[in-house]
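Structure first, commentary second.
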Amino acid sequence: MKITIIGASQIAFSTAWGICHSELAQQINFYNDTQSVIKRGNRTANLQNTLSNSIEDMTLATAICASDTQISLTNKSEELSDSDVVIFLPTSLPYGFHSSQALKTTNLSVTRQIVPKIQEHIQNAIILIAIPYANYIAAWIHQKHGLINIIGIANGVSTAHLKSEIANRLGISVKDVSALAIGNDEVTHPLTQYCRVNGIPLSQLMHESDIQSLSETVAERCPYTSASDFTLASHILQVVSSISLDKKRVMSVGTRISTDTTSVFLNVPSKIGSNGIENIIPLELTDTQTEQFKELVAQSAASQNYS
């Protein structure tokens, strides 16, 4: 398997090293289009040097851990043509405060510059969008360029918070906790009826008021715009592993769903294998959750409308 990584930041290096260490790909190709990065004087040149140095370091590290993964760097879009997976990762932004709207605008602007240059070469690849506002970006790529096999990587942080919160409140190992949440780029809804502790429903372990408190706490902590590097890298590696090894794992990821009137990207549980998303897992929702889901669709349809 050949994986192309687009983006030059610490998260890109961490993700690449995780792929190398787990031997999930035979080749990792960093694509660096200097014309599409944010211009900031000498820092653009420094970014190129950092990328080259990190690739050299990872190449040596793979020799130490006896990994056969080959690592390369290119600025030629035609060299992406045989990629099985393409991962869009955040670009390093200038230092300072960045509002949510500024982050959204900047990431879409970078995507607008890069995608037309590489579109014809990645038609057959599975595309992972791990840029903040992943569903928003995924919807733009699908609508404007017709690419279909797209997965938004945005929901790992909410799942991590939910699992961690359950484990902490019950005083148990997080290894025994399974959790599920749905949402879009700005809202998360934990589905506590699907949360389990080694198969035991939460309703047998917590009072209803505590479950409600749990849901509210996680929802308040989990806008999807600022996942930390380790959380995001872990989520990406889980998805890449499921694709590379055809694991058929079920995870809540950014998936294109269609209703009678619209098509949007939402974080919903989907089965992921060697061909990407194979199907969406149907859910039984309460009346309240059904209304919340309808609101998610309506909100996402408005924000993801690029016509």
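Once backbone amide H atoms are built at 1.01 Å from N, ASN184 has ASN267 as its partners under 5 Å, excluding neighbours fewer than 5 places away on the same chain.
Summarising the overall dimensions of the range 186-267 from its C-alpha atoms, the Rg and Dmax are 15.6, 42 angstrom.
Counting only lysines at least 8 places from LYS163 when in the same chain, those with an alpha carbon closer than 22 Å to its own are LYS175, LYS247, LYS248, LYS271.
Taken about its Cα centre, the chain carries a charge dipole of roughly 480 debye when the Cβ of each Lys and Arg holds +1 and the Cβ of each Asp and Glu holds -1.
Towards the positive end of the charge dipole of the chain, with charges on Cβ (+1 Lys, Arg; -1 Asp, Glu), say which of ILE3, ALA167, ALA301 has the farthest Cα. About the Cα centre, the residue reaching furthest to the positive side is ILE3. Each residue, GLN70 and ALA301, gets one label point 7 Å from its Cα in the Cβ direction; the gap between the two is 4.8 nm.
Taking the three principal axes of the alpha carbon atoms in the range 118-224, the coordinate ranges are 53, 24, 17 Å, sorted in descending order.
Can you list the lysines whose alpha carbon is less than 20 Å from that of LYS144, not counting same-chain residues fewer than 8 positions off? Cα-Cα hits under 20 Å: LYS104, LYS117. Protein-only accessible surface at a 1.4 angstrom probe places the residues THR50, THR4, THR217 in the order THR50, THR217, THR4, largest first.
Stokes-Einstein diffusion for the range 76-145 at 25 °C, viscosity 0.890 mPa s, with a Kirkwood radius from C-alpha pairs, works out to 191 µm²/s.
Can you tell me the relative contact order of the chain? Whole percent, Cα pairs under 8 Å, sequence separation 6 or more.
Details: 535 pairs, mean separation 50.6, N = 307.
Relative contact order comes out at 16 percent.
Site pair THR286 and SER22 shows an inter-label distance of 3.4 nm when each label is modelled 7 Å from Cα along Cα→Cβ.
Counting Lys and Arg as +1 and Asp and Glu as -1, what is the net charge of the other residues whose Cβ lies under 14 Å from the Cβ of SER242? All intermediate terms of the calculation are to be shown ahead of the outcome.
Numbers: positive: LYS247, LYS248, ARG249, LYS271; negative: ASP84, ASP246, GLU278.
Computed value for this residue: +1.
For the range 153-307, rounded, prolate or oblate, judged on the Cα gyration tensor with a ≥ b ≥ c (square roots of eigenvalues), a/c < 1.5 rounded, else prolate if a/b > b/c?
Numbers: a/c = 1.62, a/b = 1.21, b/c = 1.34.
Judged from the Cα gyration tensor, the range 153-307 comes out oblate (a/c at least 1.5, b/c at or above a/b).
In terms of its C-alpha gyration tensor, the chain has a prolate overall shape, because the principal axis ratio a/c (a ≥ b ≥ c, square roots of the eigenvalues) is not below 1.5 and a/b outweighs b/c. Axis of helix 134-145 versus longest Cα principal axis of the chain: the two differ by about 60°, to the nearest ten degrees.
Output the antiparallel fraction of DSSP beta bridges having both residues in the range 98-257, as a percent to the nearest 5.
Numbers: 8 of 11 bridges.
Roughly 75 percent of the beta bridges in the range 98-257 run antiparallel, per DSSP.
Close amide H contacts of GLN70 (hydrogens built in the peptide plane, cut-off under 5 Å, sequence separation of 5 or more or a different chain): GLN27, ILE28.
Looking at the chain, the DSSP beta bridges with both ends there are about 50 percent antiparallel. Computed over the chain with a Gaussian network model linking Cα atoms closer than 10 Å, the most mobile of ASN32, ASN155, ASN135 is ASN32. In the elastic network of the chain, a GNM with C-alpha springs shorter than 10 Å, the most mobile of GLY199, GLY276, GLY152 is GLY199. Projecting the Cα atoms of ILE277, LEU232, ILE87 onto the charge dipole of the chain, computed from C-beta unit charges around the Cα centre, puts ILE87 farthest toward the positive end.
The values are calculated or read from the model by the stated rules, or taken from the named source; none is laboratory data. Model, not experiment: these values are computed from the prediction. Every residue, glycine among them, receives a Cβ derived from its backbone with ideal geometry; neighbour counts consider all protein chains shown. Accessible surface areas use protein heavy atoms only, side chains included; no ligands, DNA or RNA. Shrake-Rupley method; radii C 1.70, N 1.55, O 1.52, S 1.80 Å.
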